[in-house]
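Student: Please find one structure pasted underneath; my questions will follow.
The values are calculated or read from the model by the stated rules, or taken from the named source; none is laboratory data. Because the structure is predicted, anything quoted here is derived from the model rather than measured. Using ideal geometry, Cβ is built from the backbone for each residue, glycine included, and neighbour counts are taken over all protein chains shown. For the accessible areas, the whole protein counts, side chains as well, though only heavy atoms, and no ligand, DNA or RNA atoms are used. Shrake-Rupley method; radii C 1.70, N 1.55, O 1.52, S 1.80 Å.
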Amino acid sequence: MHMVVDESERSGYLMAAVLITPSTLHSTRSMMRGLLLPGSRRVHFKTEKPARRKLIADKLACCDLLANFYVGRGKSERVRSTLLPLLVEDAIGLGVTRLVLDSRDPVANGRDRLVIGTRTKAHDAGLVYEHIQSSSEPALWVSDALAWCHGAGGDWKRRIAPITGTVADLGDL
């Protein structure tokens, strides 16, 4: 099982962790590549027009995916360092073998590796985790889109309800 993770900041810090089975990884990537606009290197929900957002969200809601959300409010890095161990432990419990995080910058990626390495049982569980640039991994476009939809709330959250799993809201941190 693969888990791809991206974050969104909108009245809080949100991490979307999307579970993708190995058997559907290729078709998920292909579908997302098929949604690229000419000249684009990736699907980035923040910059998409509303009609395209609806199209993409509706397509994702019909896929064999499951998205879990982790939310907290406070300083971004403090919230992330609190949410990340919870997310990793859930991944281990779900049988995830590969965790892909959207790459931020070398220092931030290093902080994530430190948190995962010292505050989780990822190593003991054999969980492989890595940071990848979103332009290189179309599966990350899925977590980007779902994070945006969940964070936007309302109709956007309703559109992705069929593939929404757990929502862990830790409140103010």
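Student: For the range 31-54 and the range 111-158, what is the separation of their Cα centres, given in Å?
Tutor: 19 Å
Student: Turning to a different aspect of this structure: For Tyr129, list long-range residues whose amide hydrogen, built 1.01 Å from N in the peptide plane, is under 5 Å from its own amide hydrogen.
Tutor: Under 5 Å from the amide H of Tyr129: Leu99.
Student: Continuing with the same structure: Direction-averaged shadow area of the convex hull around the Cα atoms of the chain, nm²?
Tutor: Over all viewing directions, the chain projects a mean Cα-hull area of 9.4 nm².
Student: Something else now. Can you show me the helix-derived [θ] at 222 nm for the chain, built from DSSP H runs with n ≥ 4 at -39,500 (n - 2.57) apiece and divided by the number of residues, rounded to the nearest 500.
Tutor: That comes out to -14500 deg cm²/dmol.
Student: Under 28 Å between alpha carbons: how many lysine pairs meet that in the chain, if sequence neighbours fewer than 8 apart on the same chain are excluded?
Tutor: Total qualifying Lys-Lys pairs in the chain comes to 10.
Student: Calculate the FRET efficiency for Gln133 and Lys54 from the Cβ-Cβ distance with a Förster distance of 35 Å, rounded to the nearest 0.05.
Tutor: For R0 = 35 Å, the calculated efficiency reads 0.85.
Student: Only four residue types carry charge here, +1 at the Cβ of Lys and Arg and -1 at the Cβ of Asp and Glu. Report the dipole size of the range 11-110 about the Cα centre in Debye, rounded to the nearest 20.
Tutor: 500 debye
Student: Which FRET efficiency value, to the nearest 0.05, is calculated for Ser76 and Thr21 with the Förster distance at 35 angstrom and r the Cβ-Cβ distance?
Tutor: The value I calculate is 0.70.
Student: Right, next: Carbon-plus-sulfur fraction of the accessible area of the range 1-53, 1.4 Å probe, in percent?
Tutor: Ligands and nucleic acids excluded, carbon and sulfur give 55 percent.
Student: Per the 1.4 Å probe, what fraction of the accessible area of the range 58-97, in percent, lies on carbon and sulfur atoms?
Tutor: 56 percent
Student: Rounding to the nearest 20 debye, state how big the charge dipole of the chain is about its Cα centre with +1 on each Lys and Arg Cβ and -1 on each Asp and Glu Cβ.
Tutor: Dipole of the chain, to the nearest 20 debye: 500 debye.
Student: Still on this model: For every other residue with a beta carbon closer than 12 angstrom to the beta carbon of Pro162, add +1 if it is Lys or Arg and -1 if Asp or Glu, then tell me the sum.
Tutor: Local net charge: +2.
Student: Right, here's the next one. Would you mind working out the accessible area per residue for the range 86-173, using a 1.4 Å probe, and quoting it in Å²?
Tutor: Value for the range 86-173: 47 Å² per residue.
Student: What helices in the chain pass both tests, a Cα length along the helix axis of 20 Å or more and a mean Kyte hydropathy of 0.5 or higher, using whole DSSP H runs?
Tutor: Those that clear 20 Å and a mean of 0.5 are 138-152.
Student: Follow-up question, since we're still on this one. Identify, among Val4, Leu35, Ala57, the residue whose Cα sits farthest towards the positive end of the charge dipole of the range 1-58, taking +1 on the Cβ of Lys and Arg and -1 on the Cβ of Asp and Glu, with the dipole about the Cα centre.
Tutor: Positive-end residue among those listed: Leu35.
Student: So how much slack lies between Glu89 and Leu114, counting 0.36 nm per residue of separation and subtracting their Cα-Cα distance, in nm?
Tutor: 7.5 nm is the gain from fully extending Glu89 to Leu114.
Student: Let me ask something additional. Given springs between every Cα pair under 10 Å in a Gaussian network model of the chain, which of His150, His26, His44 has the largest fluctuation?
Tutor: Highest fluctuation among the options: His26.
Student: Using +1 at the Cβ of each Lys and Arg and -1 at the Cβ of each Asp and Glu in the chain, identify which of Leu127, Gly93, Gly153 lies farthest towards the dipole's positive end.
Tutor: Comparing the listed Cα positions along the dipole, Gly153 ranks first.
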